[in-house]
Amino acid sequence: MAPRFLYLAWLQETWQAYARATTRPAPQGRPLNLTPRQYGAALLMTYLGEFSLPELAAFVGVDLTTLEEWRESLEFLQVMDWSKSRFAKTFQDTLVLEDFSWQEYEEVAGEFACLEESLRVRVRTKLYPQLRDLGERLVSQYRHGLSLETSWFPTFRRILRFFWALEIFWPSAARARLREKCLPLAREVVWPALGLPDEPELSPEFWETGEFRNLKEILATAIRHVFKDDSC
């Protein structure tokens, strides 16, 4: 089964749509003069940080000088900025609405940790408060013997599992809250209400056993595969 890399899947779909389009609008509505390969390269820049510019140039199949020249284009830079804002919304919606296996959460989180820092921060500052607020509401209802909003449980579980997996690859100050507040709430209230057994993956030991290097290599292989597509 192919790894669950959400940004790479979005990149491929967006890139293919651009390559097939007869009119290629820019984010501002003006036609773009970028070739499909340049457009794909602009989308790929979201990995810059964990991957170096020479590595990204190799993925695209161009030399470093060519990629640096492309990056001086205003259109190229516009696509880079647009892709981050557009994917941030897509990513948030996906995490809230879809369930993944634990392995898929590790793949999603591992790829997320490879994305450009400003995008990671943008998404985290939207999603983490949602988890914190949901947890605080549920804890308050539970402690006061109030009827629990069970409709919140699936969303709480999905976001919690993502952030737990993310701690393997991008440790943060959120660890204490996840371990001391979110996990007890999940085990005592959410899992039983959803008819789920305790989830052994949600254990601090998992934060120390993840292999980020191996996952990055798997991601690099997947990126190379996408950019071998001669139709783009």
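Using θ = phi - 60° and the Karplus relation 6.51 cos²θ - 1.76 cosθ + 1.60, list the HN-Hα couplings for segment 156-165 in order, rounded to whole Hz, with x at every Gly or Pro.
Taking θ as phi minus 60°, the curve returns 4, 5, 4, 5, 4, 4, 5, 5, 5, 5 Hz for segment 156-165.
Amide H neighbours of residue 48 under 5 Å, counting only residues 5+ apart in sequence or on other chains, H built in-plane at 1.01 Å?
Long-range HN contacts for residue 48: 116.
Label points 7 Å out from Cα along the Cβ direction at residue 229 and residue 217: separation in nm?
2.6 nm
Calculate, in nm to one decimal, what residue 152 and residue 35 gain on full extension: separation in residues at 0.36 nm each, minus their alpha carbon distance. Don't skip to the end; give the middle numbers.
On the way: separation 117, 0.36 × 117 = 42.12 nm, distance 4.47 nm.
That pair, residue 152 and residue 35, stretches by 37.6 nm at full extension.
How would 170, 15 line up from fewest to most surrounding beta-carbon atoms within 10 angstrom? Please report the intermediate quantities before stating the final value.
Details: 170 18, 15 23.
Final ranking by Cβ density, sparse to dense: 170, 15.
Hey, what did segment 68-188 get for relative contact order, percent, Cα under 8 Å, at least 6 apart?
Details: 66 pairs, mean separation 39.9, N = 121.
Relative contact order for segment 68-188 comes out at 33 percent.
Specify the residue with the greatest mean-square fluctuation among 61, 195, 40, computed from a Gaussian network of the chain linking alpha-carbon atoms under 10 Å apart.
195
What list do you get for 14, 209, 46 if you sort them by fewest beta carbons within 10 Å? Intermediate values should be presented prior to the final figure.
Values: 14 19, 209 8, 46 22.
Listed from fewest to most nearby Cβ atoms, that is 209, 14, 46.
Calculated FRET efficiency, residue 103 and residue 194, Cβ-Cβ r, R0 25 Å, to nearest 0.05? All intermediate terms of the calculation are to be shown ahead of the outcome.
On the way: r = 20 Å, r/R0 = 0.79.
That gives a FRET efficiency of 0.80.
For the chain, with a Gaussian network of springs between Cα atoms less than 10 Å apart, report the residue from 218, 159, 168 with the top mean-square fluctuation.
Sorting by GNM fluctuation, first place goes to 218.
Coordinate-derived values only; no laboratory data. Keep in mind the model is a prediction, meaning the values are calculated, not measured. Note that we place each Cβ from the backbone using ideal geometry, even for glycine, and neighbour counts take in every protein chain shown.
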